[in-house]
Amino acid sequence: MRYNERELLSLARQPAEKAAEIRMSVPKKGSVLKKRLVKLVVNFLFYFRTDEAEPIGALLLEHCRITKEEENVFSISFIEEPERKYCFECASEEQCQEWVEALKRASYEFLRRSLIFYRNEIQKMTGKDPLEQYGISEEARFQLGTHRQ
Amino acid sequence: MKLNERSVAHYATCDSPADHSGFLRKRVERHHHHAHHYGTSYQRRWFVLKGNLLFYFEERESREPMGLVVLEGCTVELCEAAEEFAFAIRFDDAGARAYVLVADGHAAMEAWVKALSRASFDYMRLVVRELEKQLEEACKSLAACRKSPRRSSSSGRKRHLSNPALLPLQEKPAILENGYSTWGSGGCAPGGAACPEHDEGQAKPPPLPPRRRSATGSVTGSPAPSLSPAMLESPVSPDTICFSKLHNWYGQEIVVLRQEWQERQKRGHL
């Protein structure tokens, strides 16, 4: 599958929502935990060798499951392949919790659900549709009940 | 650079609803060595927009996407191609190629341009944070309405406004500038109790607070035409400390306006 790698690389250079050095392993046989610079930008998680400018890889964080594993460890897996896990060993339990929370909210789908929720709540409270001012109130993707996860 | 392509492809083809889809002709860039110009040919592909990802398939029935365009840091504009109903996705990165796409007709072109210009994660995040703030304001004004408006500007209401404990919705508070000017008509239910202190339509909107540079950088997509200019410029900062400052700043403005209203009420000018 082709993709605009150049733009993705450019995205990887943007200021991150969250970044840290974390030990990480990929779901490959014999894979061990290695120290990586892990960077969350929009709904992508980039991971770099700590001294390199270009990421080794990127994970699109849609339809994924973030699981708290044993102490200091969390994993990312994708719904169509739940047994293939990317594991992350943090420096502390606190750091681990922060990342789990941040990653759970990092998907576009999560944002969409939030938008629909807030829109509905505001409409109930004020009687006004807050999306009207943006001219996007009719768009299908913002309708209540249209999207199910 | 590796990408979790299998999962991405799965996301593209799974039954979660697409934000937009349809046939578009995609310009193929081919460089003719001899002629020193780009030959232009177009290939018809089935396009599916999901979130900030634009997928294209060889055929509508194809099981796997041919390609993906990540829509962050791009602008979408109509373009001066020989083709009618053509538009381009261009990236901020100077050397990057543009994607030129051709729709079947004017309505389709408009719909695509509209959908694509609002597709970025950044845009979505901006809107969500704005709504978060609006909901908070609606809660506050609803609570304020419930307290009797005839009471003189008591410490109760002042406390109400500047009490950070009344921000239950904000787990990651964000600043958006110019929150009041955008919705001048006030936050209370029109059908329900009208809250006089929120009659911002009569009062002048507060001046813009000092701008803050976003921690999340400037990966902004093409602004949708109907967004107010202030919204476009407003960076978002997840800094908690700054939010309370901004909150107090607006709070002071409200307190003054409310006092003025109360004075007028006492004098029977309303």
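The values are calculated or read from the model by the stated rules, or taken from the named source; none is laboratory data. None of the values given here were measured: they were computed from a predicted structure. We place every Cβ from the backbone using ideal geometry, glycine too, and count neighbours over all the protein chains shown. For accessibility, only protein heavy atoms count, side chains too; no ligands or nucleic acids. Shrake-Rupley method; radii C 1.70, N 1.55, O 1.52, S 1.80 Å.
What the table below lists for this structure:
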item	result
Label-zone membership for the stretch A:40-54, site A:Lys18, 7 angstrom Cα→C-beta point, backbone N under 13 Å	A:40-46
Cα centroid separation, the stretch A:62-127 to the stretch B:97-138 (Å)	23 Å
A:Cys64 - accessible surface, heavy atoms, 1.4 Å probe, Å² rounded to 10	30 Å²
Cα long-axis angle, helix A:108-126 against chain A (0 to 90 degrees, to the nearest 10)	30 degrees
Accessible area per residue in Å² at 1.4 Å probe, computed on the stretch B:5-120	49 Å²
Sequence-separation-based contact order of the stretch B:5-120, relative, with Cα cut under 8 Å and 6+ spacing, percent	22 percent
Crossing angle, helix A:93-104 versus chain A [Cα axis fit, 0-90 degrees, rounded to tens]	50 degrees
Kirkwood hydrodynamic radius of chain A, Cα pairs, Å	17.2 Å
Chain pair A, B: total accessible area buried, heavy atoms, 1.4 Å probe, Å²	5800 Å²
Residues of the stretch A:32-62 buried by at least 20 Å² on assembly (accessible area, 1.4 Å probe, chain alone as reference)	A:Val42, A:Asn43, A:Phe44, A:Ile56, A:Ala58, A:Leu60, A:Glu62
